[in-house]
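Data block below; observations after.
The values are calculated or read from the model by the stated rules, or taken from the named source; none is laboratory data. In this text, all values refer to a predicted model and were calculated from it rather than measured experimentally. Cβ atoms come from the backbone with ideal geometry, glycine included; neighbour counts cover every protein chain shown. Ligands, DNA and RNA are stripped out before the accessible areas are found, and what is left, the full protein with its side chains, is counted by its heavy atoms. Shrake-Rupley method; radii C 1.70, N 1.55, O 1.52, S 1.80 Å.
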Amino acid sequence: MPGDLPAGTVTFLFTEIDDSTRLWDEMPEQTAAAVETHDRIVRGVIERHGGYVFGVDGDGFRVAFATAPEAVDAAVEIQQELIGDATTVAIRVRMGLHTGEATERNRDYAGPEVNRAARLMSTAHGGQIVMADTTKVLLRNRWSLRPLGEHRLRGLGRRMTLHQVVADGLPSEFPPLRTLGSFAGNLPQQLSSFVGRDQLLADVAELVRANPLVTLSGVGGVGKTRLALEVAAEMADEFPDGVWLVELAPVGDPSSVPAAIATSLGITPQGDMQLIDTVADAIAARRLLLIVDNCEHVRDAAGFGIAQILGRSGNVKVLATSREYLWVAGETLLSVAPLALDGGIGSDAVKLFVERASSARPGFGLYDTQSAAAVTEICETLDGLPLGIELAAARMATMSAVEVRDRLGDRFRLLRGSEHEPRRQQTLQLAVGWSYDLLTDVERELLRNASVFSGGFDLAAIAFVVDIADEVDVLERLDSLVRKSLVVVNHEGSHTRYGMFETIRQFAEAELSKATDLERMRDRHAAHFGDSASVRYERWNGPGWRDSVDWVEIELDNLRTAFQWSTQRGTFDVATDVAAHAALMGFSVQLFETVGWAEELLPAATAADVRRLPRLYTAAGYACFVGRAEAAAANAHRATELEADSRYDSCELGYATFIEALGQVY
């Protein structure tokens, strides 16, 4: 007899015939017979193990079991019987197992645990049984399992630890799981869940499928970037050549937009051809999705670059974010509205607040009418803007919802912006200003000074820029800013890295300018990256090569900013240290943008007669790799001439000659 409807903690088994569309197309009669046998086997095994079928979706089953061992027993037995039955030789079934609290509705299940089970199953290959850690801990070593590591599944914020069931008669070797990390591209991992906007997510995906360029517009802090990244993650398997993110927020000079696009895509300059033309030609035949984020401050340059790319390809899709539309021909415009406020405590805005507040204060919930009313009012006052809501929710670590609501109201009265600005824009300014006003003096100072960084920073860099020798002191201030959601922390890799939301960075930069300290901080920022580039170069030609080039890649945005600022300021010795050493190291990982810096700086650095001029000429010699061989050879030759002058600091003896020879070969 079929099992009763399990309640409480349930183990879900999701199954699906792999590649069924192709099977039906190529051999419909054989597939029909095999599917009939498949259905009989699956239902029979489920019945014997007390499973409850609560859905049949296409060629797959959705089943609930009262215990994890019964669910795994059933999954293994189904696979063994399918393999042993000759009529099912063409069918391979993928399976996913996940255990969680069941949400029952009309003898069906709904909610996040069901969604996780479905997503987990979609990562597997035909013949493979994949389970979540939540199921594994309930098996008491009953089955042999192979660890598959942590993975992020599309549509889910947090990573899941996955395992594969290994059993007699079943295949054990499979390709990598079909998770986000297995797709081509450079999408960053999202460590928090995506709340609400399910319909908007689907709508944007449909627009991207139907149009070459979709621009998400809206006020800062409305969630344009996160929405774009979530759409990209959902659509990743539709683009065989990858999903690629171009972050323009750190790009201060419109002329650097083509270089930022090329660097993100890993495309190198070619000869005297305009870089954006090189990019357009290189990806013209590729089927990829390009996310171009934060276009508003370089709108014309971004629009021109996107138009050039789309003008040469029928396969590339672009999803852009900007506070203003790009006004490119063929652009499809979508204004991103704030989170819905309808429904009170059931609204998307309140759901976001509660979820983020639970991270700041475990166990947080709307357990009384006073707190529920306060949270609802906070979200309404912030007009449903996700950034403002997240900032307010972070305060739950030290304040009550009522206290936050009352404080937020005070800040509004004190910090009202221009009446000519959109109300939502005023509200975001007030939310950030309110959070800034709650900081101590030393925290405000650190936040302001950190705004000079582009693309993030590490502890040593911020300590140098703020001129504090005690890194522990700086770390304590940073930790406070991280906990208050004004600085974000990235633990990926061996070194912790910090950054800020762009809206907060811009606010902090404006405050730094008001404090008349902007130029001094930018000078120190440039000096730090000039000195660091010099030190890294000394380690580059040896065992430290990998660390040095990794550093150039990670700090490219900061190096670009430091180069542009020091050039603008006329501190050509600093600009030379940045450009020369970044190019001398960066060429080895094809960061040829840095070679362009060296070439650009040559006239001014020569006139200033900087000490490391030979290194700059040597670096400019690497232009041979991008089609400017004659100029490259001449620059390297000039470096060899300067080596003989003791006033200058050159590369190691003979290196410039080697670069000159490369130029002659090319």
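Annotations
- If you go through region 593-608 and keep only what is open to solvent by less than 30 Å² (accessible area, probe 1.4 Å), out of contact with any Phe, Trp or Tyr (no Cβ under 6 Å at 6 or more places or on another chain) and farther than 12 Å from V552 by Cβ, you end up with G596, A598, L601, L602.
- Residue check for A533: among the aliphatic types (A, V, I, L, M), under 27 Å from L486 (Cα atoms) and open to solvent by less than 50 Å² (accessible area, probe 1.4 Å): no
- Test for G51: is it loosely packed, with under 15 Cβ neighbours inside 10 Å, at pLDDT 90 or above and over 24 Å from E173 (Cβ atoms): no
- Hits in region 240-257 (condition: assigned to a loop (DSSP other than H, G, I, E, B) and either open to solvent by 30 Å² or more (accessible area, probe 1.4 Å) or under 25 Å from R209 (Cα atoms) (or both)): P240, D241, G242, L248, G252, D253
- Leading residue by the ranking (farthest from A210 (Cα to Cα)) among those in region 289-327 that are of a type in the set (G, A, S) and in a helix (DSSP H, G or I): A301
- Test set (1) part of a helix (DSSP H, G or I); (2) at pLDDT 90 or above; (3) more than 21 Å from the chain's Cα centre (by Cα) - V208 fails condition number: (3)
- When S335, S359 are checked against the criterion of being open to solvent by 10 Å² or more (accessible area, probe 1.4 Å), touching a residue at least 60 places away in the same chain (Cβ under 8 Å), out of contact with any Leu (no Cβ under 9 Å at 6 or more places or on another chain) and within 20 Å of F194 (Cβ to Cβ), a single residue qualifies: S359.
- Of all residues in region 471-495 being open to solvent by 90 Å² or more (accessible area, probe 1.4 Å) and part of a loop (DSSP other than H, G, I, E, B), the one that is farthest from D547 (Cα to Cα): H491
- The numbered conditions (1) out of contact with any helix residue (DSSP H, G or I) (no Cβ under 8 Å at 6 or more places or on another chain); (2) open to solvent by 40 Å² or more (accessible area, probe 1.4 Å); (3) under 30 Å from S192 (Cβ atoms) are all true for S513 except (3).
- Selection of helices (runs of 4 or more DSSP H) fully inside region 536-625 by the criterion of at least 1 residues being over 31 Å from the mean Cα position of the chain (by Cα) returns 556-569, 572-586, 593-608, 613-620.
- Scanning region 108-126 turns up at least one residue that is of a type in the set (D, E), assigned to a helix (DSSP H, G or I), surrounded by fewer than 24 Cβ atoms within 10 Å (Cβ to Cβ) and touching a Gly at 6+ places or on another chain (Cβ under 7 Å).
- Given (1) under 30 Å from S122 (Cβ atoms); (2) touching a residue at least 40 places away in the same chain (Cβ under 8 Å), index of the condition Q270 fails: (1)
- A260 passes every criterion in (1) more than 17 Å from the chain's Cα centre (by Cα); (2) surrounded by 22 or more Cβ atoms within 10 Å (Cβ to Cβ) apart from (1).
- The set of residues from region 54-87 being touching a residue at least 60 places away in the same chain (Cβ under 8 Å), open to solvent by 20 Å² or more (accessible area, probe 1.4 Å) and in contact with a Lys or Arg (Cβ under 8 Å, 6 or more places away or on another chain) comprises just one member, P69.
- Whichever residue in region 61-70 is out of contact with any helix residue (DSSP H, G or I) (no Cβ under 7 Å at 6 or more places or on another chain) and in a helix (DSSP H, G or I) and, among such residues, is nearest to R140 (Cα to Cα): P69
- Whichever residue in region 294-308 is surrounded by fewer than 24 Cβ atoms within 10 Å (Cβ to Cβ) and of a type in the set (A, V, I, L, M) and, among such residues, is nearest to W244 (Cα to Cα): A307
- Test: residue in region 634-645 that is within 19 Å of W545 (Cα to Cα), among the aliphatic types (A, V, I, L, M) and not in a helix (DSSP H, G or I): no
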